[in-house]
Structures are given as structure tokens and as C-alpha cells.
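Right, one structure below, let's go through it.
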6 protein chains.
Amino acid sequence: MYFHALFIFSLLIISSSQAAVLDFCVGDLSLPDGPGGYACKKPSKVTSDDFVFSGLAAPVKLIPLIKAAVTPAFAPQFPGLNGLGISMARLDLAIGGVIPMHTHPGASEVLYVVQGEICAGFISSSDNKVFFKTLKQGDIMVFPQGLLHFQINSGKTSALAIVSFSSPTPGLQITDFALFANDLPTELVAATTFLDAALIKKLKGVLGGTN
Amino acid sequence: MYFHALFIFSLLIISSSQAAVLDFCVGDLSLPDGPGGYACKKPSKVTSDDFVFSGLAAPVKLIPLIKAAVTPAFAPQFPGLNGLGISMARLDLAIGGVIPMHTHPGASEVLYVVQGEICAGFISSSDNKVFFKTLKQGDIMVFPQGLLHFQINSGKTSALAIVSFSSPTPGLQITDFALFANDLPTELVAATTFLDAALIKKLKGVLGGTN
Amino acid sequence: MYFHALFIFSLLIISSSQAAVLDFCVGDLSLPDGPGGYACKKPSKVTSDDFVFSGLAAPVKLIPLIKAAVTPAFAPQFPGLNGLGISMARLDLAIGGVIPMHTHPGASEVLYVVQGEICAGFISSSDNKVFFKTLKQGDIMVFPQGLLHFQINSGKTSALAIVSFSSPTPGLQITDFALFANDLPTELVAATTFLDAALIKKLKGVLGGTN
Amino acid sequence: MYFHALFIFSLLIISSSQAAVLDFCVGDLSLPDGPGGYACKKPSKVTSDDFVFSGLAAPVKLIPLIKAAVTPAFAPQFPGLNGLGISMARLDLAIGGVIPMHTHPGASEVLYVVQGEICAGFISSSDNKVFFKTLKQGDIMVFPQGLLHFQINSGKTSALAIVSFSSPTPGLQITDFALFANDLPTELVAATTFLDAALIKKLKGVLGGTN
Amino acid sequence: MYFHALFIFSLLIISSSQAAVLDFCVGDLSLPDGPGGYACKKPSKVTSDDFVFSGLAAPVKLIPLIKAAVTPAFAPQFPGLNGLGISMARLDLAIGGVIPMHTHPGASEVLYVVQGEICAGFISSSDNKVFFKTLKQGDIMVFPQGLLHFQINSGKTSALAIVSFSSPTPGLQITDFALFANDLPTELVAATTFLDAALIKKLKGVLGGTN
Amino acid sequence: MYFHALFIFSLLIISSSQAAVLDFCVGDLSLPDGPGGYACKKPSKVTSDDFVFSGLAAPVKLIPLIKAAVTPAFAPQFPGLNGLGISMARLDLAIGGVIPMHTHPGASEVLYVVQGEICAGFISSSDNKVFFKTLKQGDIMVFPQGLLHFQINSGKTSALAIVSFSSPTPGLQITDFALFANDLPTELVAATTFLDAALIKKLKGVLGGTN
């Protein structure tokens, strides 16, 4: 016989009612959040389902122009990630599909090619040097935090990639949308990008921007 | 005369009503917590007593089988530690006493032998290499974050140690309890530890586990 | 024509109602705070004004004895900084003005001389070595976290400096005030500073301290 | 015409020779490393290939007993991850395959099921509560830092999963190996696990341990 | 008499030869660096000059097209900042001058208007919402980490601003340069920005890009 | 029989030659250090002795004036702590002994009274509020990072305390020494402390300061 005692260690055990900040902090989106993330759901209400997310399982409807889609599993979609320093997303790219130039202000990213062939790259901030390569199924590539990067389906079939981030809330800033899909006055866009006003107004029109 | 002014510096002083996030954040366990710890008690209600904890002063009742006990002073027990990156615990080991194999998922540990002699060690994750040594009174030993480690009274008197952690909520996962003191189905335990089902059921019975 | 699609990317966009922890967390000083800072104002209520602070624009009334003043723009004064790892303050020094020996317990500091000439320095903790220099307009100097430092107007005109900190809540502990402007008993001050009781009582009297 | 100047911005650009700590730090495994990771490869020698890793592309030879394999892409295998707060690994599980109970001392983990069906779970440190669930293709699950967890192929086909970690060096400590595949004396294993000596010696023999 | 002892505390003092990691770590740019910054200059060679930088004191030559200039005091220029979590830069804007759309991948920024009037703003990643405002002398504005932002001289005199960052190596990625001032193939730029090839080639020609 | 395979898991194991940044980083004081600590000793040369330190075991010679001594076990003394976020020190206080006002610029502290009675306290930076209390054997008290604090033997026997810090290099700045035990010119000390020159010169003489 290997153990002899009933209820041994009982004094060792920190009661679960006090242990909320131990181990995990499933986000409660109904409470005020803070700089480090969402407030924690009460431990007594946490179940296995809080740690599982099925929203990346099915392909989503692609966006016609880019023939692609990004499906995030960040803390707002998957609150079980809250406070754990990591998140995921799914990239679907049809033939010719493109994820346009974008940044994640709060995280580095690793991409894994589930199927297809993807040309991906990023631009260094120090000297504008470009690093890009064509990735085959099973290849992984890392994109350092905050840098402009892109993914293009460079193959003859649709492509699927899974990307991970070093934060539960990496953010996603697509340059075209940041510049043209809001009410930033045309003259400010022109002054800060050196594109001419007519082009900016056209792009604003297409992307739903105003001013 | 060294100072000449009354109320000098008054414009320098940040009013205490606004200064809640300065200096400290005594945990208020009645409020929702977040990934970084408990919400802060109002500064106006904080007293010297919030920064002092007497729960490690007296020896606690030992657990018969292991002839030992662990008494934590983590943030749930000592909310004055909240947010300050440190905590403590007390280890009591009678002659032959043992703190079984365990990990602290969220912190490194330093142990100080207050009295007696303790054989302590940890196992590296990279190559399963074991580092252990017999410690005399006054010796200290460090256990890197998250690694399996243990402490055994190897002397002829009872032993007392004070351990410190690099987090107010280091966590404590005792391997035997994690495997056998819950409702994890026997077949899952068997499949993931390669112990046989009969032994697992016996251990579950002893430790209060089910399934 | 450069863009062809209306409402493209719509599936890419994380809805703003869920995005509270992305990008920024303007502090809501009416809610309980936590170890990482204030809880976040609801994103729907955040405006451009939350990210702008005008409290450093005007010179403040100087304190007669030191002929100087410190005006903070820390998170309590400027909640838009909350969670962003940075803050500022303004130093005004008349001719002969002095910012007395002090520390910032939670941040390193960089000082920029807007006008005038300032002699500034800090004291290393490892060997009490002093690093100080006279700074001209446009010079910058860094003061490592937590170390005693000072600034003196060493020129023939008034001086203005802008200082930045590596935390939204750097704290400010002026040694003379910490020792003499509170109710710490004279005998404790004497025992821990080796100044004599008569001098301590005189300084306490001047600075508003008791006991 | 949108731009008029040649070589504009030239004063803005930080020369690449000085910019080593900007953006990324590809690990140079030939140099001494530090607490934060490997020293950086010289920027002038960094190419696109440094950010791509193909070692997860092909299935590896499975280990007969567990009918499974783990292939890491941590910083030692993929130095481009160095300092970026993230890494990946590939899990192959044949029918009946198992990744035994283990921890990652330095990171949280997210698992994505590329194909097949996987039963996965973890054990909380605060009350030994078990969280587990059967995951279908495309499901993701998060395992908080440092906690015991496992993955089992619960389907009728082989399974493939990609896991990501919140550190470039998450570590991997498999409980059975940590206890039985080294020279930790049998009496110490017995004293700290309550398994009997005969069983320990048998397991040591199987796993290559001694003493 | 207040002190009686010569050489008291001598046992308290950590010898400077061992104290390199205490207090500060002035960068030695001749040594390999790591993820956390440059290796430290030997403490015995550190002088007051290491903590002072005069490179922001004088206005620099403006770039004709943008009528502006950015002068950084990041760790590569001012190694005394290394490891201290903060840095600075100087912005000079002539009448009509502009700092074009850019990001700092590794830091939040606070801007202080030393003289003149500046219209500054940033774009949120979560919903492309724009926050901008005209700043007068003495106003400060914060720009959260990694987000696109800009500064324009909106007044009738030249303007000067001092900006601080929450990192010694914040990085600086100017969108126009990242897209057009390197060898990223025109077809990749076109595919990821939806600008047409002729325009891209024109911009590349102006900014010195190829391909 | 519980295990059937020889050499199972072999593909799981990350070779130790590549695993330097996993688990721990024992400091090699002969190599250049960085902002995060010392460079790592080669893993093949690391032994159990690297994780054990006996320098706190014996009482040290007390300093006559303060009737006390501080013995550090920081990373420079105990390189096994390097990178692990924690350190320790031993405080010996004879009857009437005092640890004078000081700060630790880089860490919070927890004190445990091994024997005797100690009056300890700290001063908040936000409003100079003092928190102090008399501690009995076994009591613990926390001192938040960077704040002025002190310890006095308030009992009728000698006292011994063990203190832990939330950093391997907490630093130690004793106010009296920082002000008077170096070559900081008397006029600068006078200007920044408002003590008169004669007193400063006397204190400098006693403590070995000059100028």
C-alpha cells in the first residue's frame, strides 16, 4: 500500500474561494477591465468549456476583393486566454487571396501553414529592409512585434494558416483601413501620406470613409 | 536653522485620494480580481496591519503521513503582498518529514533553513538532470520556476524552513494530489502516467479521488 | 481605380464593444484600481481629449524656500497614460531654485532642459558613487530607477525642464519630507538617521511633522 | 506626382549598424546567453531564412510506446524566435497515441487540432480540479502556465496538433521522465512520491534511470 | 556629534566590482547584444558623461519635402538609456512641416510641445477610430504603443516638440518608407496595398526604392 | 509491468547543449552582463553547488555604531539566483541595533523575524504616511519597492531576520551613506537637503566622505 492517510495535505490546500488569481483568469467581459486584461470570472463558475474555443474550426465567408478572411481568437472572442500571454487566429486565403499590409501593435506572431502555399514577409523598422519567403505546408514564420507584414496565397490551391500571438490582445491595424476607412480629414491624410486628395477621396469612398 | 518654510512643497504633493496606484495595492478580496492580482483596497483604509502577517509565527499541526506541513503567506492569505512580486511560506518537517514532489507554476523559490537539516532538490526540464544537496541551518537553496522539487528532513531533529517566491501567487501543485485526489478518470490517469489502473484506484481511494 | 469593393474587410474587424483591452486603457478613477493601474473607461466614452493634457502648459506658483516647483502629469492627473508605461512632469526653477534630493520608487527618468542651466545628478546604490553634471539648454540626462537624485538651477536665468518617466505612476519621495513631514516618532527618526533629536524636532516643526 | 524629393527622410533613419536591438534579435547559439535569451546574431548577417523554420513540416518517427511524438520549434531549434515571446511545436499522435502528463515551466500553451480528435486536459494547482474535453478538428484549447496537462488521441484516425507557447523557451517536463529517467536515488523518489521502491526500480530500468 | 564611527557599514557595501547589474547598464555597443538590450559597459569605466546626451540640443537640418526632422536619442545614440525603459527624441517642424504617418513598434509615446502649434493624432486598431487634436505650447499628448500616428505643424511659426518613449529602443517605421523605399517587388506592394503598379513605381523612384 | 519501452521519448528531449536558456541561467561573473543580469554559465558546468549558498549561515561581525549587519545573498554573491526574480539577505541586530533608513531601488522586500523583536516601518511616497509596527518572532512584513524603510531591534535580546527581495539585484541605498560617504560637494548636499554646511562636513568626516 502506497498511501495511508485520508485527507492528508488538507492544510496545504489553498481554498478555491481565495485562489482566484492563481493559475488562470478567465475574462468576465461584463466587468470593467484594466491595463492587464479583463477582470476574472469567479472560479466557481469556470468550466472546461471556458478553455476551449471552436470558432476557428469552420472556414468563414471570404471577403470578395481580397479573397481571404481573418478569424481571431483573441481574449474578446476567447476569454479563457485572458492574462495568459497568448492568442490565435485563422487565415483563409482562396487562390489569389491576400491579407493586406498590417501590424499587430501588441504582439509578435508565428504563422503555421496548414495547407497550400503562402508568400509572407515583414518590413524592418530600422532600415526598411524586407524579409519575405514562400512558405510550403508545414513551414512556420515569425513576424516581430509591431512591424508591417503581409500574407499572399502564392499557390494554385486555397491556403489555410494558423497564427499565434504573444499576447491575448495583439490588436490588428490594417494600413488601408486605418488610412481610408474612417473620418480622418482628407487633407490630414494627404499631408501625412503624400497621396493626392483625389485618390484619397476615391479610396475613402470605396472603403466607407468620410471627410 | 535648517528649514525656514511652513508647508513648503505643498504643490509637489500628489493628493492621496488620487494616488491609489502609487507605492502599493493591498488586495481587496471582496472585489473582482484581474490577471495581475486583486483590486486595491482604498488607500484611506490601509493601515500598518495590512503589511504585517503573523500566520507563519506558530508551528501548525503536521499531516501524519508526511510528518510535515506547508503554511502559505501568499496574496490570498496576506493581501498586503498583492502586486509586489513576492510571497513567503513556512515549512515544518518533523523527523522523517517530507514535502512531496511539487511545482510552483508561477514563481521561483528560495529556501532558508531556520533549523534542522533538509535534503532538497529539483529536476531540470531540459534533460531530467537532478540537482540536490543536504542543507544545514542557515543554508539557502534556489528552485527555478515551474520545476519539480522536494524537501526531506534528513536530520535527527525537526526542521523548519522559510521559503520565498518571486510572485504573490506562486501556486502549488503537488504531483500526487494532482494525479490522484480528484475526479480525473482512472483510464486517463493510466494512459498519461503508465501506472496501472489497480494502483491508481488504490491511490485515489487513499487520497479522496473518484472515478 | 485602386479599390473595388464596398465594405471589404468587414469580417476582419473586431467589434469595438469587445475591444476594450486593445490599444489603450484610459483610467476611470471612480472604479477600484489594481496592481497594473486604474480600470479602463468604457471605449465608447473615450474622446481625443482623454489623450491630451494641458496641465503642464503654464508655469505654476513657485515654493518660496526652494524657488522651484514640480508639476506632475502622472496617471492620476492624466488618466490617458494609464497602462502605457510612461508619464511626464514639469520642473520650474527660479534663479537659485532647487529640487531637493528625492527618488521615484517605480521608474527611471529622463530630463530635458527646455531653458536655462541645471546642475543635476544621482547617487549609485552600489558604492555611493555620484554622477552629476551641469546641463545646458537642450541637453538630456537619465536617472536610473529608484536612486537618489537632485536638480539645481545653476544658471543666471530661470530654468524649465521636462522630465519623463518609464511608468505612468513613478511615485515621488522627497527625502526631507519623508523623514520630517509626518508623525514618525522623533526617536525613530533619530535612531535611523543619526541626526540628533533637537534638530529633528526643529525640522518637524518647520515641515509640519509631529511626534 | 505624389513625392518630389530624393533621399528625403535620410536624417530620420537610424543606421542599421547601430540598430541591433531594434525589431528582432535572432539568436546566435555560439555566444554566451543570458536570462532573457540568446545573444543576437549581427543584423548584417540576418536573412529571411532566419525567420522561417521547416522542421515542423514533416511527420516524425513516432515513439512506439506512446504512439506519439513532440517536435519542438523553440528558440534552440528556431533562433529567429529569440526574444519574441512565442514559440511552437508539432504533436503527432497515431491511433491510441498519448502525450503523457507534463508541464511547461515557462509558458502557457494554446493547442490547435489540425486533424483528428484529441482528448486534452489540465489540472489546476489551487484545488486539483481537472478541466478536460474532447477536441475536434479546428478546436483550440488553452493550458495555463506551469500546470500538469496531457493530450490523448481519442479518435479513430491519427491526429495532428500545432501548439503555441507564450515564450521562446517554454521548457518541457514530462513527469514520468523527471521521476524515473535519471539518477535520483530510489529512496528519494520513494520518499517524495510514496510509490514503493520495487516499482520505482522497475520504472527506472525501463526508462534508463539509475540509482 | 551625529556620527561616531569610521568606515561603519563597510560590511553592508556590495563591492562595485560585483555590482555591474545593479542600478544601471550603460550599453557597450562593441559587444554582442541580447533581447533586453546591449551588454553593459564595465562599471569602472562609467562616468557622468555616460548619462548625459547633447545631441538633441541643436536644431538639425530639415528635410525639404516634409520641412521637418526627427532626431532620436534612443539607446544606440545614447547608450546610458540601455535597460532603463525610456528614451527621447526631438521633432523640428518648420511652417507647414509634417512628420508623416508612422508607428513605434516597441513603445508608447508622450509628446510635449516646446514651441509652436502642432496638430497630432493616432488611429485606433480596433475600429479605425481617429483621435486627433491641435496642441498649443506646453500641451502633452500620448500615443499608445504600435499605432499609426502623425504630427503636423498647424501654426504660423516653426514648432519644436520633445517626445518620450516607454522603451530605450522604440523603433520607428514610417509607412511611406516601409512601402516604397526598399526592394519589395512592386507586385507585392500592389497586392498588399491595392495601389496600382504605376503609382508604386513612381513612388519607389522618388524614395529610392527598387524592383 | 508499467513501462514497456526502452529509450522512449528520446525524440521528445531537447538536447542539453541547446537548452541553455531553459530553466535557469547561473551567472558567469567573468563575462559581460546585460540589462537582465549576468550571462549564463555553460549548462555542462552547472552543479548542485551552484544553487546552494552558505554565506547567510553564520552571524557576521557587527558594525559597532549600528550594532547590526546586513549580509546579502544577491546575484553577485549567489549567481544561481541570476534571472530568477528573487534574492535574500540576513539581518543581524544586537540589542539596540539598527538598520538605518534605506531603499532598495529595484525590488520589494519581505522580512521574516527568525528571533527577537524588531520594530520596522516604511514611508509612503504619495503622502509621506508612515506604516510601522513591532514584529515578534515569526511575523513577516512587506516593504513596497523603492520606499524608505528601517528596522530596529526593539527587544531585549539580539534579533535575526531573513529578508527576501523580488529581484536578484535589488540594490541597497542607505540614505546617510548616499549623502555623506562620497565626494558629492558639500554645497550640493546643503542645497538639496537644507542641512547646513558645517554639519555636512562633520558627517562627511565621520563617514569617509570628501569635498
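The figures follow:
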read-out: Subset of region B:1-37 (residues that are at pLDDT 50 or above and not in a loop (DSSP other than H, G, I, E, B)); value: B:27, B:34, B:37
read-out: Filtered residues of region D:49-75 (kept if of a type in the set (A, V, I, L, M), more than 17 Å from residue D:160 (Cβ to Cβ) and without any contact (Cβ under 8 Å) to a residue 60 or more places away in the chain); value: D:52, D:65
read-out: Given (1) assigned to a strand (DSSP E or B); (2) in contact (Cβ under 8 Å) with a residue 24 or more places away in the chain, index of the condition residue B:131 fails; value: (2)
read-out: Residue in region E:100-123 that is nearest to residue E:46 (Cα to Cα), counting only those that are of a type in the set (Val, Ile, Thr) and open to solvent by less than 10 Å² (accessible area, probe 1.4 Å); value: E:110
read-out: Matching residues in region F:189-211 - criterion: being touching a strand residue (DSSP E or B) at 6+ places or on another chain (Cβ under 9 Å) and facing another protein chain (nearest Cβ under 7 Å); value: F:191, F:192, F:193, F:194
read-out: Restricting region C:96-127 to residues that are more than 7 Å from every other protein chain (Cβ to nearest Cβ) and part of a loop (DSSP other than H, G, I, E, B), the residue that is farthest from residue E:73 (Cα to Cα); value: C:96
read-out: Scope region D:38-95; condition open to solvent by less than 50 Å² (accessible area, probe 1.4 Å), hydroxyl-bearing (Ser, Thr, Tyr) and either within 19 Å of residue A:139 (Cα to Cα) or part of a strand (DSSP E or B) (or both); matching residues; value: D:48, D:71, D:87
read-out: Scope region E:132-173; condition over 30 Å from residue E:80 (Cβ atoms), crowded, with 24+ Cβ neighbours inside 10 Å and either more than 9 Å from chain A (Cβ to nearest Cβ) or of a type in the set (Asp, Glu) (or both); matching residues; value: E:153
read-out: Criterion violated by residue B:160 - all others in (1) touching a Gly at 6+ places or on another chain (Cβ under 8 Å); (2) part of a strand (DSSP E or B); (3) under 24 Å from residue D:148 (Cβ atoms) satisfied; value: (3)
read-out: Every residue from region A:177-206 that is open to solvent by 10 Å² or more (accessible area, probe 1.4 Å) and under 15 Å from residue E:130 (Cβ atoms); value: A:177, A:179, A:181, A:182, A:183, A:185, A:187, A:188, A:190, A:191
read-out: Check on residue B:210, on the phi < 0 side of the Ramachandran plot and open to solvent by less than 10 Å² (accessible area, probe 1.4 Å); value: no
read-out: Matching entry among D:116, D:155, D:80, D:85 (being within 24 Å of residue A:24 (Cβ to Cβ) and at pLDDT 95 or above); value: D:85
read-out: Positions within region E:36-81 being under 30 Å from residue A:191 (Cβ atoms) and within 12 Å of chain C (Cβ to nearest Cβ), in sequence order; value: E:55, E:56, E:57, E:58, E:59, E:60, E:71, E:72, E:73, E:74, E:77
read-out: Helices (runs of 4 or more DSSP H) fully within region E:169-208 counting 1 or more residues that are within 20 Å of residue A:102 (Cβ to Cβ) and in contact with an Asp or Glu (Cβ under 7 Å, 6 or more places away or on another chain); value: E:186-193
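The values are calculated or read from the model by the stated rules, or taken from the named source; none is laboratory data. Nothing here was measured: the structure is a model prediction, and the numbers come from that model. FYI the Cβ positions are ideal-geometry reconstructions off the backbone, even for glycines, and counts take in every protein chain you see. Calculation scope for accessible area: heavy atoms of the full protein, side chains included, ligands and nucleic acids excluded. Shrake-Rupley method; radii C 1.70, N 1.55, O 1.52, S 1.80 Å.
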